[in-house]
Amino acid sequence: MARYVIVGGGILGLAVAHRLRADRPQDTVIVLEKETGWAAHQTGHNSGVIHAGVYYPPGSLKATLCRAGSASMVRFCAEQELPYRVCGKLIVAAEAAELPRLHALYERAVANGLAVSLLDAIEAAEYEPHVAAVAALRVSSTGIVDFGAVCRRLAELLATDGADLRLNARVTGIHARPGGVVVSTDGGEATGDVLVNCAGLYADRIARLAGLDPPARIVPFRGEYYELLPERRKLVRGLIYPVPDPRFPFLGVHLTRMIDGTVHAGPNAVLATAREGYSWRRFDPRDVWEQVGYSGLWALARRHVRYGLTEVTRSLSRRRFAASLARLVPELTEADIVRTGAGVRAQAVRPDGALVDDFLIVEADRQVHVLNAPSPAATSSFEIARHIVDRLPAPS
């Protein structure tokens, strides 16, 4: 009988545990989470979108696992009677200059096997009457869910199924032993044959504790959100996204009708001053020192200095934020939005400043480290888990 120790109690760590219990029920599964509850960071602070897989290069892990993961997530929610909605989304070309990028995105979506359609302005208005579009891409399989609720249900299922779930278990050390590892935590030790690192914002640090020299380092980017006032929610029926600009590293602010009926706007992307830096006030000297001393961050900054300044300005100015939204829905003004929560994206950056675009999973002796799993990792979580478990050794 094997023992698997999973570090991280977000959706990916819990999904791996769930897959292990399904595929290897005779084995022991231990999940270590440093917080007092599940999904405390990336999973619990994201936009809740079940992505279809439009943006990702055909053949990449993101493309293949997102498409399959979207179906798996919808199936799980239906089976578990968790609220979800497959509402589709519009990717909007607000001006003619964006049309070539929209058509390129359409070709990529078709190559990824997705059901998408190109719409003119009149057709787009049938889905979103208040949108400003010269054309749009309709992605019918995009949905919305509460990923935190998914994690809570996973934890319930795992507890019932006999998994060893440990909260308040911050990892302080990892030591190899013959045939496995000993993981030291604030709450005691966990001994296992195989280690799976799903630590998200701390994945690179956990890898180093385990003796690896990871090929990329986590750089935290805060994504800030606004919310539409209740009387203005009628301006958005579903999900409205801009056409992404390939010169920039992130998608840009968009509008999302959440599963509870609220409409969130965002996120932007600003460098965070802590790995758990959910506001400008949160400052962690160790995290900042690591960033300042990392060549990859400086190379990234040089490459995207204008974009970074734009994001900081939008972070500090509600007027600028509202202006970005008005490109999609012209009726929106500064008076229509109020600040709401923020999230922090764990983005892996290579020493040359290149963002790691795909999921990055590194294997070592009896160890698997998920070193880059930003969006669409939540959507893809059940399929990422399958991918990992299928490759795990099964010690006797």
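With the condition kept exactly as written, say whether any residue in the range 215-234 is over 18 Å from the mean Cα position of the chain (by Cα), farther than 21 Å from residue 330 by Cα and assigned to a loop (DSSP other than H, G, I, E, B). Looking for residues that are over 18 Å from the mean Cα position of the chain (by Cα), farther than 21 Å from residue 330 by Cα and assigned to a loop (DSSP other than H, G, I, E, B), one finds at least one in the range 215-234, hence yes.
Could you identify the single residue in 243, 236, 182 that is among the β-branched types (Val, Ile, Thr) and within 30 Å of residue 391 (Cβ to Cβ)?
Going through 243, 236, 182 in turn, just one is among the β-branched types (Val, Ile, Thr) and within 30 Å of residue 391 (Cβ to Cβ): 182.
Taking the condition touching an Asp or Glu at 6+ places or on another chain (Cβ under 7 Å), assigned to a strand (DSSP E or B) and either without any contact (Cβ under 8 Å) to a residue 60 or more places away in the chain or under 22 Å from residue 253 (Cβ atoms) (or both), does residue 119 pass?
no
Apart from one condition, residue 274 fits all of (1) out of contact with any His (no Cβ under 9 Å at 6 or more places or on another chain); (2) in a strand (DSSP E or B); the exception is (2). For the range 205-255, the set of residues classified as open to solvent by less than 30 Å² (accessible area, probe 1.4 Å) and acidic (Asp, Glu) consists of 224, 245, listed by residue number. If residue 291 satisfies all but one of (1) loosely packed, with under 15 Cβ neighbours inside 10 Å; (2) within 16 Å of residue 222 (Cβ to Cβ); (3) polar (S, T, N, Q), what's the number of the condition it fails? With (1) loosely packed, with under 15 Cβ neighbours inside 10 Å; (2) within 16 Å of residue 222 (Cβ to Cβ); (3) polar (S, T, N, Q) applied to residue 291, the lone miss is (1).
With the condition kept exactly as written, say whether any residue in the range 144-153 is closer than 28 Å to residue 76 by Cβ, of a type outside the set (Gly, Ala, Ser), open to solvent by less than 50 Å² (accessible area, probe 1.4 Å) and not in a helix (DSSP H, G or I). Give the steps one after another, and end with the answer.
Filtering the range 144-153 for residues closer than 28 Å to residue 76 by Cβ gives 144-153.
Those still in the list that are of a type outside the set (Gly, Ala, Ser) too: 144-147, 150-153.
Retained after the next criterion (residues that are open to solvent by less than 50 Å² (accessible area, probe 1.4 Å)): 144-145, 147, 150-151.
Keeping just the survivors that are not in a helix (DSSP H, G or I) gives 144-145.
Yes: one or more hits.
Against the criterion of being open to solvent by less than 20 Å² (accessible area, probe 1.4 Å) and either under 14 Å from the mean Cα position of the chain (by Cα) or of a type outside the set (Val, Ile, Thr) (or both), residue 66 qualifies.
Which helices (runs of 4 or more DSSP H) sit wholly inside the range 289-345 and have at least 1 residues that are under 22 Å from residue 228 (Cβ atoms) and among the hydroxyl-bearing types (Ser, Thr, Tyr)? Give the steps one after another, and end with the answer.
Numbers: elements: 295-303, 305-316, 318-326.
Per the criteria, 305-316, 318-326.
What are the residues in the range 317-359 that are under 25 Å from residue 392 (Cα atoms) and either buried (at least 21 other Cβ atoms within 10 Å of the Cβ) or within 13 Å of the chain's Cα centre (by Cα) (or both), if any? 346, 347, 348, 357, 358, 359, listed by residue number.
Can you name every residue in the range 262-276 that is open to solvent by 10 Å² or more (accessible area, probe 1.4 Å) and closer than 24 Å to residue 146 by Cα?
Taking the range 262-276 as the starting set, the residues that turn out to be open to solvent by 10 Å² or more (accessible area, probe 1.4 Å) are 262, 264, 267, 269, 271, 273, 276.
The answer is 262, 264, 267, 269, 276.
Do we find that residue 190 is more than 22 Å from residue 90 (Cβ to Cβ) and part of a strand (DSSP E or B) in this structure? Criteria met by residue 190.
Cβ separations smaller than 7 Å between residues 6+ apart or across chains give the following pairs from the range 90-110 residues that are within 13 Å of residue 241 (Cα to Cα) to residues that are in a helix (DSSP H, G or I) and open to solvent by 70 Å² or more (accessible area, probe 1.4 Å): 90/127. Looking only at the range 168-197, residues that are of a type in the set (A, V, I, L, M), out of contact with any helix residue (DSSP H, G or I) (no Cβ under 8 Å at 6 or more places or on another chain) and open to solvent by less than 60 Å² (accessible area, probe 1.4 Å) come to 7 in all.
Does residue 84 satisfy the condition of being touching a helix residue (DSSP H, G or I) at 6+ places or on another chain (Cβ under 9 Å), modelled with pLDDT of 95 or more and open to solvent by 20 Å² or more (accessible area, probe 1.4 Å)? Spell out how you get there, then give the answer.
Values: touching a helix residue (DSSP H, G or I) at 6+ places or on another chain (Cβ under 9 Å): yes; modelled with pLDDT of 95 or more: yes; open to solvent by 20 Å² or more (accessible area, probe 1.4 Å): yes.
Spelling it out, residue 84 is indeed touching a helix residue (DSSP H, G or I) at 6+ places or on another chain (Cβ under 9 Å), modelled with pLDDT of 95 or more and open to solvent by 20 Å² or more (accessible area, probe 1.4 Å).
For the range 381-393, the criterion of a residue being farther than 30 Å from residue 1 by Cα and in contact with a helix residue (DSSP H, G or I) (Cβ under 8 Å, 6 or more places away or on another chain) is satisfied by no position. Filtered by the rule that a residue be among the aromatic types (Phe, Trp, Tyr) and more than 30 Å from residue 39 (Cβ to Cβ), the range 122-165 gives a lone residue, 127.
The values are calculated or read from the model by the stated rules, or taken from the named source; none is laboratory data. Since the model is a prediction, treat every value here as computed from it, not as a measurement. Cβ coordinates were reconstructed from backbone atoms using ideal geometry, including for glycine residues, and neighbour counts include every protein chain displayed. For accessibility, only protein heavy atoms count, side chains too; no ligands or nucleic acids. Shrake-Rupley method; radii C 1.70, N 1.55, O 1.52, S 1.80 Å.
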